[in-house]
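The values are calculated or read from the model by the stated rules, or taken from the named source; none is laboratory data. Keep in mind that what you see is a predicted model, and the values were worked out from it rather than measured. Cβ placement follows ideal geometry from the backbone for every residue including glycine, while neighbour counts extend to all protein chains displayed.
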Amino acid sequence: MHVSAAWWVGFNLGVLALLGLDTLVLHRDRRPVSFPSALGLSIFWVVLAAIFGAGIGLGWVGSYGAVERGPACLQFFTAYSLEQSLSLDNVFVWVLLFRHFRVPAAQQRGVLSCGVVVAMAMRAFLILGGVALARHFGWVFYIFGAYLLWAAVRLWQPQRVPAAPGRNYLWQWLKPWVRTTEDNPAGRIFVRQHGRWLATPLFAVLLTLEMSDMTFALDSVPAVLAVTRDPFIAYTSNILAVLGLRALFFLLQHVIERCWLLHYGIALLLGFIGLKLLLAKFYEISPVASLAFIAVVLVGSIVGSWIIKPAAHSR
């Protein structure tokens with residue numbers, strides 16, 4: 001089903017309007033985000049995605065035909081759930097980044113706002129490029145499947161956090177190439193001094209954050225394309241999941257490290273999607289089964305982390 005350009009333009013304008021409202025109106029101050037506020041925002045983004053997905057099923061969004069609405073709606077919710085599950089690992093790395101760079105809580109919101117915008121542009125490019133490749137070169141899904149299996153094995157290893165957050169070498173490397181300043185009283189990424197724009201240390205944090213997100217995008221985008229080959233479904237589900245990442249970060253930053261089984265669950269999800277791609281010509285796993293598997297693995301890994309102690313596992 002070809003979705004008209006009006007829906008693409010309308011969706012992106014809506015996303016920009018929501019980002020502007022969230023950044024410029026609702027969160028103009030620089031106070032740390034409280035838990036109730038983060039919880040309310042997280043619920044808002046999930047409800048918004050649910051309304052959008054329901055709109056697809058009811059024929060209000062995308063102008064899908066009567067026969068196509070049900071499958072398109074199911075694909076959307078499966079892709080959205082998968083992306084939300086994979087995003088939890090991204091949040092874990094963000095927590096480590098901010099702790100290592102000692103970014104004050106009041107300054108984290110600005111970095112995450114810029115990071116989310118860049119992440120959406122990056123994923124849009126990867127999704128649309130991946131769909132175009134799949135349409136012209138069907139065998140590319142075998143590459144995606146093999147890559148996801150390799151990513152699952154890599155993620156299963158105990159030392160799964162990259163070394164990049166470990167040292168702020170990036171800031172030292174940037175200094176000879178970019179006009180920089182150590183002075184950052186307002187917690188901004190760029191400041192204007194003596195008529196010139198200068199980068200602050202938060203710019204290095206932002207670049208590190210984006211490099212980590214690129215790593216996760218290379219995992220999540222092929223996984224979403226395994227669920228649906230409809231570019232509109234793949235794009236909107238991914239963008240709506242990314243929109244809620246900032247609120248999810250502030251909601252989970254104090255408890256995410258207790259979910260020690262989470263990365264094993266995410267590794268299982270990547271392996272499952274990889275096998276789904278590789279076996280697609282021999283056996284097709286239904287979207288309902290995929291959605292159920294995602295839900296069971298995600299809930300099981302989170303609940304299991306609170307029930308089973310890490311020390312017992314280490315023995």
> So which residues in the range 49-79 are assigned to a helix (DSSP H, G or I) and hydroxyl-bearing (Ser, Thr, Tyr), if there are any at all?
Replying inline: 78
> Looking at 229, 258, which one is surrounded by fewer than 22 Cβ atoms within 10 Å (Cβ to Cβ), in contact (Cβ under 8 Å) with a residue 24 or more places away in the chain, under 21 Å from residue 143 (Cβ atoms) and not small (Gly, Ala, Ser)?
Replying inline: 229
>> Condition first: part of a helix (DSSP H, G or I), modelled with pLDDT of 80 or more and touching a Gly at 6+ places or on another chain (Cβ under 9 Å). Now tell me which residues in the range 277-297 satisfy that.
In response: 278, 297
>> Filter the range 276-305 down to the residues that are closer than 21 Å to residue 76 by Cα, in contact (Cβ under 8 Å) with a residue 12 or more places away in the chain and β-branched (Val, Ile, Thr) and list them by number.
In response: 288, 294, 297
> Out of all the residues in the range 233-242, which are buried (at least 23 other Cβ atoms within 10 Å of the Cβ) and among the hydrophobic types (A, V, I, L, M, F, W, C)?
Replying inline: 233, 234, 240, 241, 242
> Quick check, is residue 52 at pLDDT 75 or above, within 30 Å of residue 296 (Cα to Cα) and among the hydrophobic types (A, V, I, L, M, F, W, C)?
Replying inline: yes
> Regarding residue 38, is this residue closer than 18 Å to residue 19 by Cα, more than 16 Å from the chain's Cα centre (by Cα) and surrounded by 16 or more Cβ atoms within 10 Å (Cβ to Cβ)?
Replying inline: yes
